[in-house]
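Just below is one structure, and these are the notes that go with it.
Coordinate-derived values only; no laboratory data. Please read these numbers as outputs of a predicted model, since none were measured by experiment. So basically every Cβ, Gly included, is an ideal-geometry build from the backbone, and we count neighbours across all protein chains shown.
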């Protein structure tokens, strides 16, 4: 049985991997880099400072990776003013999420090569540009080229190296120090490609923009006019079963299936889990529409998260009370985890998608 110090270290790392991503919507680039660093060193921390078995590390790592990538994707709804870049990021995110879910179900490493995590590096590219330029200067051609370069020359080699060849870079260089020259040449090639891609951008702005804007800023044609988008109330007049509802169901269901592979005591099948998440999301969406019709406005996203968590907790406790009367049961711990995961993602999605829709409307009205 693991000793107390081992579990303290383990849960400290896990909590960091859960809480650091919450800063991504506010400090996109620093928070994502912090997540990347923690992702790279957590296994080393476990190996050096604990005696914990690491047989299930791959699934644990992929689950937490997809958790923070989901928040990263949701932050693009809040922050990204370049709408074509957002469309690319949405495709890249769901492409990887589907691949990660398939990997957890089949444990075929080749799937991680076929479905590379291009989204993460594309996000870093965009936010790195935002440090010194308004991202609206990134044209469709530049964004497509950047995506192709990241996919082909960064992520495919990396995914092959880690998941197919299962090689360690440090051991590879230690075996033949001249191999470091290959990495240096590869890095210089990527820097050259980046220079060719960005050399004709307008002059850089002063300072560095590490923090996200409070609300999206859309710059219209010729970058001359800025329109700040205020956060509006939920529009309850729109139809209930829309693309947003289906996207929330897909997002939370895929995340839940991935986490179900590492959580102890999950007795439901993947289909049952997805159906349960869908029902809860529909209930949450119905409540949001009801609140909107009553003119209820959340003062903060934290207030909304707490309120919806209490509602969902009540629903789960009701099920926990009623199911034994009909020869049924749920694992309360696992169910509460899934409910908190659902509530967090749905709350962020609803809030940030509204901002994104208003951003699109501002761009369309400026055409």
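Key figures for this structure:
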| read-out | value |
| --- | --- |
| The stretch 6-79 versus the stretch 278-327: alpha-carbon centroid distance in Å | 28 |
| FRET efficiency estimate (nearest 0.05) - Cβ-Cβ, residue 49 to residue 272, R0 51 angstrom | 0.85 |
| Kirkwood hydrodynamic radius (C-alpha pairs) into Stokes-Einstein, the stretch 1-212, 20 °C and 1.002 mPa s, D in µm²/s | 114 |
| Protection-proxy order for peptides 53-63, 81-91, each taking the mean of Cβ atoms within 10 Å per residue, highest first | 81-91, 53-63 |
| Mean ellipticity per residue at 222 nm, deg cm²/dmol - from DSSP H runs of n ≥ 4 across the chain, formula -39500 (n - 2.57) | -22500 deg cm²/dmol |
